[in-house]
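J.: Dropping the structure in here first, questions after.
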Amino acid sequence: MSLSIRNQIAGTVTAVTVGEAMATVKVRLEGGQEITAAITADAVKDLGLATGSAVKALVKATEVALATGPVEGLSIRNQIPGTVADVATGPAMASVKVDVNGGGLTAAVTADAVEALGLAAGSSVVALIKSTEISLATA
């Protein structure tokens with residue numbers, strides 16, 4: 001199956017915590033970063049997720065925020081450091097490609113944000129992704 005979601009990062013499940021309706025799934029990405037996905041308990045069961053399961057973390061580009069450094073005092077659990085590889089800016093929006101250890105991410109942000117943050121190829125950034133915005137797929 002082909003998907004329009006640009007951000008598809010391979011990883012391995014390291015922990016699954018199932019609650020009444022929702023679950024958190026920790027995934028170690030190929031680059032060594034650990035992320036957390038919040039998905040339904042039914043999805044964990046349907047996908048057969050357990051420690052050691054191979055998965056792909058899927059994130060829409062519109063759900064990736066960028067910061068110029070690590071952010072404290074924030075509920076967003078997933079903070080992945082990287083380097084801007086490319087910025088394609090239009091009149092209102094921009095597509096920012098970020099190289100992260102083990103792969104890449106694309107963030108769709110406003111052109112104003114690109115200017116305000118001074119984003120350009122070579123800039124250090126941190127990609128911020130809410131755990132509720134990460135979907136998981138199995139092979």
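J.: Considering every residue within region 61-79, establish whether at least one is charged (D, E, K, R) and under 16 Å from Ala137 (Cβ atoms).
T.: Yes, the conditions are met somewhere in region 61-79.
J.: Something else now. Quick check: is even one residue across region 110-122 within 14 Å of the chain's Cα centre (by Cα) and not hydroxyl-bearing (Ser, Thr, Tyr)?
T.: No, region 110-122 contains no residue that is within 14 Å of the chain's Cα centre (by Cα) and not hydroxyl-bearing (Ser, Thr, Tyr).
J.: Can we say Lys45 is closer than 22 Å to Ala10 by Cα, open to solvent by 80 Å² or more (accessible area, probe 1.4 Å), touching a residue at least 60 places away in the same chain (Cβ under 8 Å) and not hydrophobic (A, V, I, L, M, F, W, C)?
T.: no
J.: For region 70-99, give me the residue count where each residue is over 14 Å from Ser123 (Cβ atoms), assigned to a strand (DSSP E or B), open to solvent by less than 90 Å² (accessible area, probe 1.4 Å) and free of Cβ contacts under 8 Å to residues at least 24 places away in the same chain.
T.: 1
J.: Also: Looking at region 87-139, which of its residues are among the small types (Gly, Ala, Ser) and under 30 Å from Ala50 (Cα atoms)?
T.: Once the filter is applied, which keeps residues that are among the small types (Gly, Ala, Ser) and under 30 Å from Ala50 (Cα atoms), region 87-139 yields Gly102, Gly103, Gly104, Ala107, Ala127, Ser131, Ser135, Ala137, Ala139.
J.: Working only within region 103-137, note down all residues that are part of a strand (DSSP E or B) and among the aliphatic types (A, V, I, L, M).
T.: Passing the criteria: Leu105, Ala107, Ala108, Val109, Val125, Val126, Ala127, Leu128, Ile129, Leu136, Ala137.
J.: Quick check: is even one residue across region 27-36 within 12 Å of Leu136 (Cα to Cα) and either assigned to a loop (DSSP other than H, G, I, E, B) or open to solvent by 60 Å² or more (accessible area, probe 1.4 Å) (or both)?
T.: no
J.: Next question. Go through (1) under 30 Å from Gly118 (Cβ atoms); (2) in contact with an Asp or Glu (Cβ under 8 Å, 6 or more places away or on another chain) one by one and return the number of the condition Ile35 breaks.
T.: For Ile35, the failing item is (2).
The values are calculated or read from the model by the stated rules, or taken from the named source; none is laboratory data. Just so it is clear, the model here is predicted, and its values are computed rather than measured. Note that we place each Cβ from the backbone using ideal geometry, even for glycine, and neighbour counts take in every protein chain shown. The area values use the complete protein model at the heavy-atom level, side chains included, leaving out ligands, DNA and RNA. Shrake-Rupley method; radii C 1.70, N 1.55, O 1.52, S 1.80 Å.
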